[in-house]
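Notes follow once the structure below has been shown.
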Amino acid sequence: MNKTSWWQKSIADTFKLVKSEPGYGLSSKEVEKRKEQYRNVLEEGTKKNPVLMFLNQFTETMVIVLLAATVISGIIGAMIDAITIMAIVIINAVLGFVQEYRAEKSLDEIKKLASPYANVLRAGKRVKIPAEDLVPGDIVFLEAGDKIPADLRLIQSYSLEIEESALTGESVPVEKSAQANLEKDVSIADQRNMAFMGTSITRGNGQGVVIATGMQTVMGEIASLIKESQEAQTPLQQRLDQLGKILIIICLVVCAMVTAMGIYRGEDTLTMFMAGVSLAVAAIPEGLPAIVTVVLALGVQRMSKRNAIVRKLPAVETLGCTTVICSDKTGTLTQNQMTVKRLAIFDKTLDIEGEGYNKSGSFFSAEGKFNPKKDPVFNKILEVALNCNNAAIADSKRKIEIQGDPTEAALLVLAMKGGLEERFEKIREIPFDSERKKMSVIVKKGNHYYIMVKGALDVLMSSCSQVVKEGNDTKLNENNSKYFLDLQEKWASNALRVLAFAYKKIDSKDIHKISDNELESDLTLLGIAGMIDPPRPNVDESVNQCLDAGVVPIMITGDHPITALAIAKQIGITNDNDEVVTGGDIDNLNDKALYRKAMSTRVFARVSPQHKNRIVKVLQERRQVVAMTGDGVNDAPAVKSADIGVAMAISGTEVTKEASSMVLADDNFSTIVVAVHEGRSIYDNIRKFIRYLLGCNIGEVLVMFLAALLAMPLPLLPIQILWVNLVTDGLPAMALGLEPAEPGVMKRKPRSKDEGIFSNGLGKIILLRGIFIAIITLTAFTVGLAYSQMHGIDNLDLARTMAFTTLVFAQLFYVFECRSEKFSPFELGFFKNKFLVIAVSLSVMMHLTVIYYTPLQEIFRTVPLDWWHWGIIIILSGLQFIFRLLTYIIQRVFINRNIYAKIRL
Ligand code: ATP
């Protein structure tokens, strides 16, 4: 379809060609039919093939060396050993594959969660659909901040400007016009009546009909522009990668030394070589990056269930370091469910009945019920409210749904309550943006043309020269202005949001010629409306949680300072401070003063998007880690430069979503706090299994190294080393990553961004535990040796079984301790992480099978253990665990029962 020169076709011809109907779109039957043929997605770069992913598990150098050595030992004669080693390597590879595959899948799902939507007209109804379901012939509504979801021939445009740098490299937005007549040979950059997939609307609004989707779009054709899907590594993953490389070198050196020392002492060369290689395979924490990814990805899935959709994986880590949350007011801290409650002209104020978007409700003046339609000034306000408005209300039996801006929806309801429903013909629109804080339309009413304007009172007043007073236009002077400004202040202190209305009659010949500025000058002020937008339920609790967690909540709004302050007080962002910093103040403050104000005042009002950018910069320069919310297209730069850019799924624009690292599915401030909580506990969990894995691996290496150094016989056979790795490193480590958040996560200060993974003494703890595990394993080995000697047993099987079992059990006890750096497993609730209990039980059963199942005894050279062997093993391996259990019992039974109730918050 896209071989047609669409820009040359008239709108009517375009509809004919794509077989769609103006004002109706496609029927649902037609959509279904077209969906079979078209998919609106750009094919991604090569995906990882699961088979290759599995085979990849065997490509680690040490695994290859181990496999080669196994083959040699098999040929020499130890066939059963060789097969078992192969089996263990394969099981390990399966585990590794499952981890990696899950990580990959979860990352895919995360991508899907953040996929864009489009507003379309189907069968005459406006609906929101995933952009990938668009088909040629669909009519798409376009708003500032939208990403163009497919290639479109524009059919309507009001001040529409599109930034097409993704296609043309030109970052200055291009003015678009549905009516433009174009030459035959124009380049993409000059096709002004077209909009192309992947470009974004910076201003205005309009509609377009889809002429190409997916790979048929211009974007799809320019193959070089389709980026391979790149998986960004988080800073932690990068650091772990570096750490992994250092550990590999250390491991290899130590393993080589163990092998050399063994051979020097006269041990069998092949056995020593196998032991060295097995040790390297077991001790190199090759699973670490995959487990980190799985834990991050699972965390991200958990967060998405709680409405926080993470778009960029590194954000999960940064969330835990967040020190400041800068939040919009409207819709994030408040419900965005607006209702106009008051209306005032110069000499009269009305109260309006009704809640939410319900269209019924009467108007009351001080004298009683009042019909605003009968009063020319109130009637004019209702006309502006209805016409200077792009919102729509779909009133189905089940619920009332609004489309468009909630402020405008509230005004639409107001007009409907007053009995106005039919809009005049719209000729031109100067759109609203948070910079201008006003919006205008030119409409044709009968044979006359009017400009109708609504916006912030303080802004609109500077465009007005008259005001309607007692039915007549009067010069707007200081006294008249004061009347409305005082009224605004009074309403705002009751948390009402105030909007003003103005108009002017214009000459038909000026409609298209006059500049926006000229049009919006010399207006007549009509009056103001006050609307409520109550705080979201429980947002005050979330604000409190932030304060407890050392995170400073800051409100940044485009609304009036007094309204902002009233809401800030209601939700506890500020209490006894009556100060608000306005956009004007920000311009006059130097960076240092602005920083101080931000941290102490915490309420910014009448700010523009660039101010947000400056606030982020000033905070970041002073080492704050900033989460910043944004919805409008102009917020994108601030959202992008924040450490955590937060966009809104419901009221936000696609451009801002794309700039963000996290999207709130419910637009709710509390969800950011939930995300911070999750971010902290995910990082905790990563620390937990690093503590576990490295502690265990150091233990394993040291057992072999110390034994070699002390000229002891080989304490573990290669096959036993691999087994330890299998039963302890796999499932228990994974389960540790699923540990529920520990108590008090939101009672401590944020983690520093520069903090290393081994901070707060973790490195020391790991090293000491490794040494401890090695010592107790060798102790068990020595006891086994002494017992064998005493009883005339002339092989090492018993001593090795004791060392082997002690090493396994020490690690399985240790995994419970790694659940928290602060609390004992009993304080946390022993069975609270049921995955861990199951994983450890499985590992214990597997190990007992190896000791007591005769065929396996032969393979693993194990012997059944007596009760006293077990006594020694349990006492040695569970020393710390038993000590913590006893302290817990003593505390609980004899000292204070209640402290644990407090811990389990
Ligand atoms: P927040 O910044 O917290 O989301 P906000 O909606 O008040 O809150 P903006 O969207 O920047 O912030 O709006 C700034 C001001 O512009 C509002 O306080 C209001 O006076 C005015 N305004 C808001 N929406 C419209 C609109 N659709 N048309 C005209 N004026 C508007």
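For the reader, a short list of remarks on this structure follows.
- When segment 348-379 is filtered for residues that are crowded, with 16+ Cβ neighbours inside 10 Å, of a type in the set (A, V, I, L, M, F, W, C) and farther than 13 Å from V413 by Cβ, the ones remaining, listed by number, are L350, F370, V377, F378.
- Residues satisfying the stated conditions in segment 462-511, i.e. closer than 30 Å to Q570 by Cα, more than 15 Å from the ligand (Cβ to nearest atom) and buried (at least 18 other Cβ atoms within 10 Å of the Cβ): none
- Filter result for T574 (crowded, with 19+ Cβ neighbours inside 10 Å and part of a loop (DSSP other than H, G, I, E, B)): yes
- Filtered residue count, segment 723-773, keeping only those that are assigned to a helix (DSSP H, G or I), closer than 26 Å to D548 by Cβ and β-branched (V, I, T): 1
- Scanning segment 736-745 for residues that are aliphatic (A, V, I, L, M) and surrounded by 20 or more Cβ atoms within 10 Å (Cβ to Cβ) yields a single hit, L736.
- Set R596, R614: member being over 26 Å from I532 (Cα atoms), within 16 Å of the ligand (Cβ to nearest atom), basic (K, R) and in a helix (DSSP H, G or I): R614
- Selection of segment 839-867 for residues being more than 48 Å from the chain's Cα centre (by Cα), surrounded by 14 or more Cβ atoms within 10 Å (Cβ to Cβ) and polar (S, T, N, Q) yields Q857, T862.
Conditions tested, residue by residue: (1) hydrophobic (A, V, I, L, M, F, W, C); (2) modelled with pLDDT under 85; (3) surrounded by 20 or more Cβ atoms within 10 Å (Cβ to Cβ).
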| site | (1), (2), (3) |
| --- | --- |
| E183 | no, yes, no |
| M197 | yes, no, yes |
| Q207 | no, no, yes |
| I222 | yes, yes, no |
| A232 | yes, yes, no |
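- Taken over segment 20-39, the residue count meeting the criterion of being part of a helix (DSSP H, G or I) and more than 12 Å from V135 (Cα to Cα) is 1.
- Scanning segment 29-86 for residues that are more than 28 Å from K105 (Cβ to Cβ), loosely packed, with under 12 Cβ neighbours inside 10 Å and modelled with pLDDT of 70 or more yields a total of 4.
- Among the residues of segment 319-333, those identified as within 11 Å of the ligand (Cβ to nearest atom) and either without any contact (Cβ under 8 Å) to a residue 12 or more places away in the chain or part of a loop (DSSP other than H, G, I, E, B) (or both) are D328, K329, T330, G331, T332, L333.
- Restricting segment 539-558 to residues that are within 16 Å of the ligand (Cβ to nearest atom) and not hydroxyl-bearing (S, T, Y), the residue that is farthest from N613 (Cα to Cα): V539
- Sole exception among (1) of a type outside the set (A, V, I, L, M); (2) farther than 30 Å from G632 by Cα; (3) in contact with an Asp or Glu (Cβ under 6 Å, 6 or more places away or on another chain) for S360, by number: (3)
To keep it simple, each residue is scored yes or no on (1) outside any loop (DSSP other than H, G, I, E, B); (2) at pLDDT 95 or above.
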{"site": "E317", "(1), (2)": "yes, no"}
{"site": "Q337", "(1), (2)": "no, no"}
{"site": "K341", "(1), (2)": "yes, yes"}
{"site": "G354", "(1), (2)": "no, no"}
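- Residues of segment 643-677 that are closer than 30 Å to S165 by Cβ, part of a helix (DSSP H, G or I) and among the β-branched types (V, I, T): V655, T656.
- Pairing residues of segment 124-151 that are under 16 Å from G220 (Cα atoms) and assigned by TED's automatic domain parsing to the domain that holds N205 with residues that are part of a loop (DSSP other than H, G, I, E, B) and charged (D, E, K, R), at Cβ distances under 8 Å and at least 6 apart in sequence or on separate chains, gives E132/R39; A150/D138.
- Note on segment 512-531: residues that are away from the ligand (no atom under 16 Å from the Cβ) and over 41 Å from the mean Cα position of the chain (by Cα) amount to 8.
- The residues of segment 361-404 that are assigned to a loop (DSSP other than H, G, I, E, B) and in contact with a Ser or Thr (Cβ under 8 Å, 6 or more places away or on another chain), listed by number, are A366, C388.
- Residue count for segment 434-461 satisfying the condition of being touching a strand residue (DSSP E or B) at 6+ places or on another chain (Cβ under 7 Å), charged (D, E, K, R) and within 11 Å of the ligand (Cβ to nearest atom): 3.
- Just one of the listed residues (L412, L457, L420) is surrounded by fewer than 21 Cβ atoms within 10 Å (Cβ to Cβ) and outside the structural domain of N634 (by TED's automatic domain parsing), namely L420.
- Among the numbered conditions (1) assigned by TED's automatic domain parsing to the domain that holds L487; (2) within 16 Å of the ligand (Cβ to nearest atom); (3) hydroxyl-bearing (S, T, Y); (4) in contact (Cβ under 8 Å) with a residue 60 or more places away in the chain, the only one that Y357 does not meet is (4).
The values are calculated or read from the model by the stated rules, or taken from the named source; none is laboratory data. Not measured: the values here are computed from a predicted model. Cβ atoms come from the backbone with ideal geometry, glycine included; neighbour counts cover every protein chain shown.
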